[in-house]
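Peer 1: I'd like to ask you about the structure that follows.
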Amino acid sequence: MSSFVNLDPILRNGHGMLLAYDHGFEHGPMEFDEQSADPAWIMDIADSGHFTGVICQKGIAARYYSKDKHKVPLILKVNGKTGYHKDPDEEPISVQNCTVEEAIALGAVGVGYTIYVGSEHENKMIAEFSAIEREAHEKGLIVMGWMYPRGHHIEKDTETETLAYAARLGLELNCDAVKIKYTGNVESFKRVVHMAGSTKVFVVGGPKTENATELLTTAQEIIEAGAAGLAVGRNIWQAEKPLEVAERLAGIIYK
């Protein structure tokens, strides 16, 4: 197994901004209006030059992404669960729905997998992820872990030590990059990034914010804390002017 995978395809000046579009699987149609429900429109945004990667499930990639047509690198999400599982007493689990071979055939440079850290089912996800990680690295793909603390063991999923543990788990599992939430301030997030070691940290963009300034401030703070960048979805394609927001974010992240 190769010890190192080249992350350059999803980085620019050592940083990256990924356009996330796996929401249809995870949240259903409630996230989309008529325009954002169209994956072709999303791919045009992703290919605008502001992003270092686009994230989606295999059906979207198979029908709307072409490695010959699109310049933006593809990261294929290979597991997921529907939005119906919202009971706080229900321990979350997300299982594989796409193989590494399929990801390669679809032109992906990397694969992403969610682990609900703290869930009673975390061992099942860790075992499944480990097999995917081994195969993906053997075949030269970037491996990203969505490290999301969930379940009744987790009191607050943005607490510093909880996120530091999640980031560290990503390193221990040999993730090239992790996608996690932001603690809310620079100093506490520095600890999270430090715990990730050489694993790159991407901060999840989160729900749509009405104030673009808040998102831009977050971008500045996470870069100051040492993160690689953002994995942002709704705050781009739900925005009134998506490319304008993307350009402003890019100016901060790649600076």
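The values are calculated or read from the model by the stated rules, or taken from the named source; none is laboratory data. Fair warning: this is a prediction, and the values are worked out from it, not measured in the lab. Note that we place each Cβ from the backbone using ideal geometry, even for glycine, and neighbour counts take in every protein chain shown.
Peer 1: Which of the numbered conditions does LYS179 fail, given that it passes all the others? Conditions: (1) basic (Lys, Arg); (2) in contact with a helix residue (DSSP H, G or I) (Cβ under 7 Å, 6 or more places away or on another chain); (3) part of a strand (DSSP E or B).
Peer 2: (2)
Peer 1: Filter the range 132-150 down to the residues that are surrounded by fewer than 19 Cβ atoms within 10 Å (Cβ to Cβ) and either under 23 Å from GLY206 (Cβ atoms) or of a type in the set (Asp, Glu) (or both) and list them by number. Before you say what the answer is, go through the steps one by one.
Peer 2: First, the residues of the range 132-150 that are surrounded by fewer than 19 Cβ atoms within 10 Å (Cβ to Cβ): 134-135, 138-140.
Selection gives GLU135, GLU138.
Peer 1: Here's something else I'd like to know. Considering every residue within the range 28-37, establish whether at least one is surrounded by 14 or more Cβ atoms within 10 Å (Cβ to Cβ) and either within 16 Å of GLY80 (Cβ to Cβ) or acidic (Asp, Glu) (or both). Before you say what the answer is, go through the steps one by one.
Peer 2: Let us first name the residues in the range 28-37 that are surrounded by 14 or more Cβ atoms within 10 Å (Cβ to Cβ), namely 31-32, 36.
Narrowing the set further to residues that are either within 16 Å of GLY80 (Cβ to Cβ) or acidic (Asp, Glu) (or both) leaves 31.
Checked the range 28-37: at least one residue is surrounded by 14 or more Cβ atoms within 10 Å (Cβ to Cβ) and either within 16 Å of GLY80 (Cβ to Cβ) or acidic (Asp, Glu) (or both).
Per-residue answers, yes or no, for (1) part of a strand (DSSP E or B); (2) not hydrophobic (A, V, I, L, M, F, W, C):
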{"residue": "VAL203", "(1), (2)": "yes, no"}
{"residue": "GLY206", "(1), (2)": "no, yes"}
{"residue": "THR209", "(1), (2)": "no, yes"}
{"residue": "LEU216", "(1), (2)": "no, no"}
{"residue": "ILE223", "(1), (2)": "no, no"}
{"residue": "ALA227", "(1), (2)": "no, no"}
{"residue": "ALA231", "(1), (2)": "yes, no"}
{"residue": "ALA239", "(1), (2)": "no, no"}
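Peer 1: Shifting gears a bit: Which numbered condition trips up VAL111, out of (1) hydrophobic (A, V, I, L, M, F, W, C); (2) under 29 Å from ASP89 (Cβ atoms); (3) within 19 Å of the chain's Cα centre (by Cα)?
Peer 2: With (1) hydrophobic (A, V, I, L, M, F, W, C); (2) under 29 Å from ASP89 (Cβ atoms); (3) within 19 Å of the chain's Cα centre (by Cα) applied to VAL111, the lone miss is (2).
Peer 1: Can you pull out the residues in the range 165-182 that are within 19 Å of ARG150 (Cβ to Cβ) and either surrounded by 24 or more Cβ atoms within 10 Å (Cβ to Cβ) or charged (D, E, K, R) (or both)?
Peer 2: As a first pass, look at the range 165-182 and keep what is within 19 Å of ARG150 (Cβ to Cβ): 165-170, 172-173, 175, 178-182.
Answer for the range 165-182, where residues must be within 19 Å of ARG150 (Cβ to Cβ) and either surrounded by 24 or more Cβ atoms within 10 Å (Cβ to Cβ) or charged (D, E, K, R) (or both): ALA166, ALA167, ARG168, GLY170, GLU172, CYS175, VAL178, LYS179, ILE180, LYS181.
Peer 1: So, in the range 163-205, how many residues would count as being under 15 Å from the mean Cα position of the chain (by Cα) and of a type in the set (Val, Ile, Thr)?
Peer 2: Matching residues across the range 163-205 total 6.
Peer 1: Here is a list: ALA103, ALA62. Which entry is in contact with a strand residue (DSSP E or B) (Cβ under 6 Å, 6 or more places away or on another chain), farther than 24 Å from ASN235 by Cα and among the aliphatic types (A, V, I, L, M)? Please lay out each step first, then the result.
Peer 2: On the way: ALA62 fails: in contact with a strand residue (DSSP E or B) (Cβ under 6 Å, 6 or more places away or on another chain).
Only one candidate passes the filter, namely ALA103.
Peer 1: Something else now. Is the range 153-176 home to any residue that is farther than 15 Å from GLY118 by Cβ and modelled with pLDDT under 95?
Peer 2: Within the range 153-176, none of the residues are farther than 15 Å from GLY118 by Cβ and modelled with pLDDT under 95.
Peer 1: Are any residues in the range 241-250 more than 18 Å from the chain's Cα centre (by Cα) and either in a helix (DSSP H, G or I) or over 17 Å from ILE42 (Cα atoms) (or both), and if so, which ones?
Peer 2: PRO242, LEU243, GLU244, VAL245, GLU247, ARG248
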